[in-house]
Structure formats: structure tokens, C-alpha cells
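Worksheet: one structure, shown below.
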Amino acid sequence: MNRHASAPVIVLSAVLASGCAAAPPAPPAPAGAAPPELIALSHFFASREANWGYRVSPDGTRLGWITSHGGRSTTHVRTLGRNDTRPIDTHSRRAIYWFTWARDSRHALYLQDENGDENHHVYLASIERPDDPPVDLTPFPGSRAWIDRVIRSDPDHIVIAWNKRDRAVFDLYRVNLATREHALIAENPGDVTEWLTDSEGRVRGRIRHVGPDVRHLEVLRDSGWAVLQPLDLEEFNLQMLGVTPDDRGLWLLSSRGRDRLSLVRVDLASGAESLVHDDPELDLEWVGMSERTREPLAVVTDPGRQAIRFFDAALEADLAVLRRHSPTGLRILSFDDGERLVTVEVFTEKGYENYLVDRRTGETHLLGRSQMVQFAHALGTTEPITLSARDGVRLRGYLTRPPGFGAPGPMVLVVHGGHWARDYWRYAPVVQFLANRGYAVLQVNYRGSTGYGRAFRELAVGEYAGKMHDDLIDSVRWAVAGGVADPARVAIYGGSYGGYAALVGMTFTPDVFACGVDIVGISNLVSFYETVPPYWKVSVMPLFHKYVGDPSRPEDRRRLEAKSPLFKADQVKRPLLIIHGARDIRVNVRESEQMIAALNRAGKDVRSVVFPDEGHRREYGNWRNALRHYSEVENFLARCLGGRKSGP
């Protein structure tokens with residue numbers, strides 16, 4: 001029985017069911033309606049006014065957030081109740097996009113790589129001595145690290161995951177923040193894909209990949225490691241959330257033995273599992289846990305727009321002040337140690353606001369607004385949509401249309417990466433940039449996307465350049481049939497898997513799209529496998545072998561080549577823009593280089609941009625590259641689709 005079955009619910013949106021429709025959800029604007037204000041590229045991708053990620057310090061005396069300093073994004077801090085804001089100078093030209101507080105509330109921790117290679121190091125910066133250069137806690141070239149645990153009871157130490165010993169696997173180390181010494185506390189035997197530490201920094205659990213389709217959830221007992229639950233490959237999305245308050249169980253976000261990711265409790269002694277909360281149609285997207293009580297606070301699903309179910313009635317009441325009559329979503333960003341102060345982001349598709357809520361007094365303080373709020377009138381409205389693929393599979397996604405959009409008009413199909421990911425209803429800079437340039441923007445969570453359960457995800461097995469691509473074509477046909485898109489003015493745009501999909505669109509279905517934009521996309525599935533990071537061997541590649549194929553098997557290799565756009569370059573009929581980062585460690589820049597060469601040999605219309613100091617990421621390490629990227633995109637699409645552009 002679900003012991004939280006009667007827990008109260010807040011849905012921070014309009015009636016969610018009404019957001020899904022079998023046809024475009026709103027009529028087009030009258031022909032000749034005035035276009036919205038043209039917003040400068042810098043506001044979307046290089047704004048000095050952008051601010052986000054507000055986090056209150058553990059002792060509740062300070063606030064930290066990300067905003068601009070010296071032409072890049074970095075952490076800023078101030079004392080609550082004072083006007084003493086100061087930046088943390090990372091002494092690097094690279095932007096940072098995330099930080100957290102050390103437990104002593106006197107230091108900040110952040111991750112940063114060099115030139116986009118994703119070999120992030122863990123840095124420690126002093127709040128009280130802001131002129132001191134940050135300290136690299138993981139100063140080994142070529143290694144990658146992240147913070148596993150900021151220990152609640154020990155302000156002098158943190159736990160990090162680090163591949164210093166072996167680049168293919170991650171061990172756990174306890175790091176002394178004063179002396180910078182590292183102590184190995186858990187050595188990876190070569191097949192561990194995830195570790196679990198408790199709030200005291202003790203190693204408690206791990207997930208091992210022990211066979212082609214077998215994983216184990218193991219727990220550490222006095223006698224050593226013991227298997228708690230067997231898992232199959234498709235249960236890769238299991239998340240270990242923490243240890244229960246009685247120290248006798250684990251909180252898990254798990255799809256073991258079920259179709260959807262659900263919140264469960266697993267007994268540490270017997271492995272017996274009890275369901276805490278699930279959704280009848282959707283995966284749970286997020287579970288908020290209390291570090292103070294070690295109990296779940298809330299869960300989130302995304303049926304179209306975000307919905308939240310609270311387990312903590314007091315927190316529900318304290319955040320009710322942030323509810324809106326119009327559709328919104330909410331993200332809980334941080335608590336102080338006593339959970340008396342909480343920072344929260346409230347968002348729509350047009351921007352966001354950040355608040356500090358004092359749960360003791362009920363006071364709510366606005367901390368900052370998205371730089372895009374001032375342009376809300378010129379941004380597009382995003383509506384959830386549903387459609388049926390040609391084989392009857394239900395697809396869900398989003399349609400964004402700018403003010404004054406006259407339908408049928410030009411449209412950009414934006415394909416999300418992954419493919420193990422999905423699109424959401426929230427502010428998306430790329431989507432709003434395209435809408436502001438005059439394009440309807442269609443996003444579809446094609447089969448294989450996460451969020452809709454295991455069965456929907458497994459529909460993608462063997463379907464690269466197959467039914468996954470059919471879903472994209474069917475979504476374009478849906479938009480054309482609904483009077484949204486002019487069939488002669490539809491572009492395909494995407495990054496990573498989305499870049500591969502753009503290349504597939506331009507080679508396998510060359511008559512559908514007027515042009516395509518491929519960002520860090522795969523051109524040859526065989527050569528892609530040859531250059532993936534070593535630490536993907538046990539964590540990622542088994543999934544690629546299941547869904548796409550294993551090139552070491554001759555029959556799979558032939559199928560992989562048959563699904564690779566590189567070998568159909570001569571089929572391209574329309575212009576292509578290809579963008580890549582030379583430091584990309586997920587999809588090697590060779591994937592773009594060989595596609596560009598093949599297109600040039602075939603006499604095709606292709607423009608290419610390679611950034612020598614960027615990798616495989618949505619957020620560029622410096623604003624110069626971001627502005628170059630999107631200037632190229634807007635000029636290319638203006639020539640192809642006839643939309644607007646901000647420069648020559």
C-alpha cells in the first residue's frame with residue numbers, strides 16, 4: 001500500500017490535461033500581424049543580466065548564484081541582509097554554470113573544464129578571501145571528477161568521484177579541504193557505474209554492470225559487498241536517492257519490474273521493495289529529498305507542463321505563496337541546514353524568477369529575474385501537443401509560435417539529443433531565439449525519449465534512421481496538415497543525437513526539409529564508436545549496443561553503416577550548416593569533418609564552423625563562441641526560410 005496515498009498535491013500549472021491536443025492548440029495570427037520586437041542575440045546567449053542557480057549557504061547567512069563577471073558567467077555571493085555582492089574570480093576565461101556551498105559556508109565548490117573537453121576538475125574558492133585564486137582539488141591532467149557528497153557533519157571534508165587511477169572508471173576519494181589530501185575510500189573493480197554515500201560520507205551502495213544485460217544493486221555490509229537486487233540493462237535509470245531515517249532501507253527512483261520510474265523503498269536486509277509513489281502514465285522526473293530528515297519531500301512529473309506532488313505538507317503550505325493562476329513550473333534549488341530558508345525558481349516558457357522563502361516568518365524575497373522577462377511580449381507561447389505516428393504510437397511534444405506568426409509559415413523542427421532524454425515545457429533559449437526570428441518551433445519526444453516509461457523507450461531499439469526518424473517526419477506532416485507549417489519552408493535542427501537526426505533528415509528524406517542544422521552530430525555510427533570516452537565502456541556503450549548495434553559483429557556493422565548519413569551524402573538536395581567543437585570527447589570532430597568532405601566531393605551546399613576551444617555542450621565556455629554560433633544559425637535560416645536576422 002502507498003503510505004503517502006493521501007498526501008496533498010500542488011499542481012503548479014493550468015489544467016494539465018487541456019494542454020494535450022490532436023491538432024495545433026490555437027488558431028494562427030491574422031495574416032499581416034506585426035512581428036514582435038527583434039531581440040539581440042546577446043540577450044539569449046551572452047547576457048550580462050542573466051542570473052540563476054540561487055543557493056543559500058548551509059548556515060543560512062549567505063547567498064550564492066551565477067551571473068556575469070568579466071564577460072563570462074561565474075559565481076557571486078553576498079551576505080543575507082547586506083549589499084556586499086562580490087564575484088568569485090575563477091582566474092579562467094571559461095564560464096561556469098554550477099556551484100555548491102562547502103559545509104562551512106565559507107567556501108564555494110564548482111566544476112570547470114578546459115576548452116570543452118569535459119575533464120572537469122573540482123575547485124575550492126574562499127568566500128572570505130575572494131582575491132585568493134581558487135584551488136584545484138583534483139590537479140591531474142586528463143582526469144575527470146565531480147562532487148559525490150558534501151558531508152553534512154564534517155565541514156573539513158568532501159567525497160569526490162574521480163578517474164585519476166584509471167581513466168575508464170571512477171573511484172571515491174575523501175578530500176581534506178584544508179590540506180588538499182586525497183584518501184581512497186572505494187576502489188572501482190572495473191564495472192561500477194554508480195556509487196551511493198550517506199549524509200556522513202560513508203560508502204553504502206553501488207551499481208555494477210556484471211554482464212551484457214545484467215546489473216546488480218549492491219550494498220556494503222559488515223561482511224563485504226552483497227547483492228541487494230538484480231537489474232537488467234533497461235533499468236539503467238535507477239537512482240539511489242539516500243538511506244532511510246531508520247538506516248534500514250534505501251530510497252530509490254526505480255523502474256525495476258515495472259514500466260515507469262517510481263519512488264520505492266528497499267529493505268537493506270531482505271531486498272524487499274515497497275512502492276511509495278508512482279504515476280499511471282509517466283516516469284517520475286525528480287524526487288526532492290530532505291537532508292535533515294532523510295525523507296522525500298516532493299516528486300515531479302511532466303505530463304505536458306510540470307506537476308508536483310508534495311509529501312511534506314508544511315513545505316507545500318510554505319511554497320503556496322508562489323503559485324500562479326497562469327501556467328508555471330517550480331524548482332526547489334536549496335535549503336539551509338535547518339530547512340528554514342529555501343530558494344526556489346518559478347518558471348514559464350518565457351523566463352523565470354528566483355525567490356528566497358523564509359519558512360519561519362512566511363516572508364518571500366525576490367532574488368532575481370531572468371533577463372528575458374523584459375521581452376516576454378516578444379517571445380513565443382509554447383503549448384503541449386500530442387499526435388499519432390503512422391503506426392499508431394502516441395507522441396507528445398511542444399509547439400511554440402511567436403506573436404504575429406501568420407500560418408502556414410516557416411517552421412524549425414528542433415530535435416533533442418540523447419537519445420535518452422526529452423523536451424520539457426520551460427524556458428529554452430534556442431526555442432525562443434528561433435521563434436523571435438519568425439519561425440514556429442516544433443519539438444517532439446520521439447520514441448526512445450525518456451519520461452514515458454520503459455515500453456515507449458524500447459520502441460527505439462533498432463530504429464535509428466528508422467521509426468525514430470518516421471516520428472519526426474510524422475510530426476512535420478502533423479504541423480503541415482494543421483495549417484501551422486508551410487511544407488516548403490521547414491528546417492531540421494539538432495545537437496548530438498539531434499545533429500545525427502538532422503543529417504538523417506537531409507540524406508534519408510531529402511525532399512522534406514528546406515535545410516538542416518547539424519550540431520556535434522554523428523555522421524558514421526561505426527567511426528563514432530571508435531572514439532567514445534573510456535569511461536563510457538561500462539556505463540553507456542551497453543545501451544548503444546542494445547539500441548543501435550555492436551560494430552564488432554559483422555551483421556551489426558552493416559546495419560550501422562546503412563543507418564549512417566555519411567554514406568548517403570550524395571542524396572542531399574538542400575543546404576546544410578554543420579557546427580562542431582574540436583574538443584568534443586563524446587562525438588569526435590571527425591564525424592563532422594568526414595561529412596563535410598563527403599558533401600564537398602559531391603558538390604553539395606554545406607557551410608561549416610569548427611570551434612577549436614569548445615566541446616560537446618549546449619553552454620559555450622565563452623560568449624564569443626556562443627554569439628558566433630547563433631549568428632551563423634540565424635543567417636543560415638534567414639537565407640533558407642526567409643526569417644529575420646539581427647545583423648548583416
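The values are calculated or read from the model by the stated rules, or taken from the named source; none is laboratory data. Model, not experiment: these values are computed from the prediction. All Cβ positions, even for glycine, are placed from backbone atoms using ideal geometry, and neighbour counts span all protein chains on display. Just the protein is used for accessible areas: all its heavy atoms, side chains included, with ligands, DNA and RNA removed. Shrake-Rupley method; radii C 1.70, N 1.55, O 1.52, S 1.80 Å.
Numbers at a glance
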| quantity | calculated |
| --- | --- |
| Asp89 being open to solvent by 20 Å² or more (accessible area, probe 1.4 Å), in contact (Cβ under 8 Å) with a residue 12 or more places away in the chain and not in a strand (DSSP E or B) | yes |
| Filtered residues of region 301-318 (kept if over 25 Å from the mean Cα position of the chain (by Cα) and outside any loop (DSSP other than H, G, I, E, B)) | Ala313, Ala314, Leu315, Glu316, Ala317, Asp318 |
| Unique match (being at pLDDT 95 or above and touching a Lys or Arg at 6+ places or on another chain (Cβ under 7 Å)) among Phe636, Phe567 | Phe636 |
| Some residue of region 64-75 being modelled with pLDDT under 95, within 30 Å of Ala102 (Cβ to Cβ), under 28 Å from the mean Cα position of the chain (by Cα) and part of a loop (DSSP other than H, G, I, E, B) | yes |
| Residue within region 229-237 that is in a loop (DSSP other than H, G, I, E, B), open to solvent by 20 Å² or more (accessible area, probe 1.4 Å) and closer than 26 Å to His545 by Cβ present | no |
| Condition check for Arg208: free of Cβ contacts under 8 Å to residues at least 24 places away in the same chain and touching a Lys or Arg at 6+ places or on another chain (Cβ under 8 Å) | yes |
| Some residue of region 458-475 being under 17 Å from the mean Cα position of the chain (by Cα) and open to solvent by less than 30 Å² (accessible area, probe 1.4 Å) | no |
| Residue identified as open to solvent by 50 Å² or more (accessible area, probe 1.4 Å), without any contact (Cβ under 8 Å) to a residue 24 or more places away in the chain, more than 21 Å from Thr382 (Cβ to Cβ) and hydroxyl-bearing (Ser, Thr, Tyr) among Ser262, Ser270 | Ser270 |
| Qualifying position, being β-branched (Val, Ile, Thr) and farther than 18 Å from Tyr110 by Cα, among Thr193, Thr138 | Thr193 |
| Check on Ile10, in contact with a helix residue (DSSP H, G or I) (Cβ under 6 Å, 6 or more places away or on another chain) and either at positive phi or at pLDDT below 85 (or both) | yes |
| Of all residues making up region 625-648, the number that are open to solvent by 20 Å² or more (accessible area, probe 1.4 Å), free of Cβ contacts under 8 Å to residues at least 24 places away in the same chain and not in a loop (DSSP other than H, G, I, E, B) | 2 |
| Pair list, Cβ < 8 Å and 6+ apart or interchain, from region 239-258 residues that are closer than 19 Å to Arg292 by Cα to residues that are of a type in the set (S, T, N, Q) | Gly242/Ser199; Val243/Ser199; Pro245/Thr293; Leu250/Thr244; Trp251/Thr244; Leu252/Gln239 |
